[in-house]
Each structure stands twice: as structure tokens, then as C-alpha cells.
1. For segment 48-60, which positions are modelled with pLDDT of 90 or more and assigned to a helix (DSSP H, G or I)?
2. In segment 9-47, what count of residues is obtained for those that are modelled with pLDDT of 85 or more and farther than 30 Å from residue 61 by Cα?
3. Under 8 Å by Cβ, and 6 or more places apart or on different chains, what pairs join a residue from segment 51-71 that is closer than 22 Å to residue 40 by Cα with one that is modelled with pLDDT under 90 and part of a helix (DSSP H, G or I)?
4. Determine, yes or no, whether residue 6 is outside the structural domain of residue 67 (by TED's automatic domain parsing), assigned to a loop (DSSP other than H, G, I, E, B) and modelled with pLDDT under 70.
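The values are calculated or read from the model by the stated rules, or taken from the named source; none is laboratory data. Since the structure is predicted, the reported quantities are computational estimates derived from the model, not experimental observations. Ideal geometry is used to build each Cβ from the backbone, glycine not excepted, and the neighbour counts take in all protein chains shown.
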């Protein structure tokens, strides 16, 4: 029986990504449980006034859209800040 030392290294390396994948999956599930609870507890409709119009929407939808817009603004501001710093010489 031939023993190749590279086989043992490949087997050990294969377990690393698998363990990371399982850990990431558990973390996602742990994060999704309270998020789902939050969403289900905020289904009531709320009144929304935007400039000259108004309407009603589920509170969770308002929260999600506001969060997405805030994240987009933060991303654009960060990108603009990085671009401005590249052009400067200290």
C-alpha cells in the first residue's frame, strides 16, 4: 500500500472550508430567526407622507426600504470619500 504525504494534507485542507461553510450557515440561521420574528411582529400598516402624496404600507416594508436607502447612501459617501483621498498628497 502506497502512502502519499500530499493526500493527508489535501484531506485536512478539505475539512477547513467545510467547517467554515457550516459555521457561516449556522450564523446566517441564527441571524435570520430574530429577523423573521421582527418582520412578523411589524406587519401592521402605517401611514406614510412623502412630499405631496401619502399612502399606507406595512411597517416592516417601510423599515426595510429605509435601511436599504440608508445603506446605499453610506456606500456612496464612503466611495466618494475614498476617491477624494486618492487624489490628495499629504
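1. Answer for segment 48-60, where residues must be modelled with pLDDT of 90 or more and assigned to a helix (DSSP H, G or I): just 59.
2. Result for segment 9-47: 5.
3. 60/38; 60/39
4. Values: outside the structural domain of residue 67 (by TED's automatic domain parsing): yes; assigned to a loop (DSSP other than H, G, I, E, B): no; modelled with pLDDT under 70: yes.
Against the criterion (outside the structural domain of residue 67 (by TED's automatic domain parsing), assigned to a loop (DSSP other than H, G, I, E, B) and modelled with pLDDT under 70), residue 6 does not qualify.
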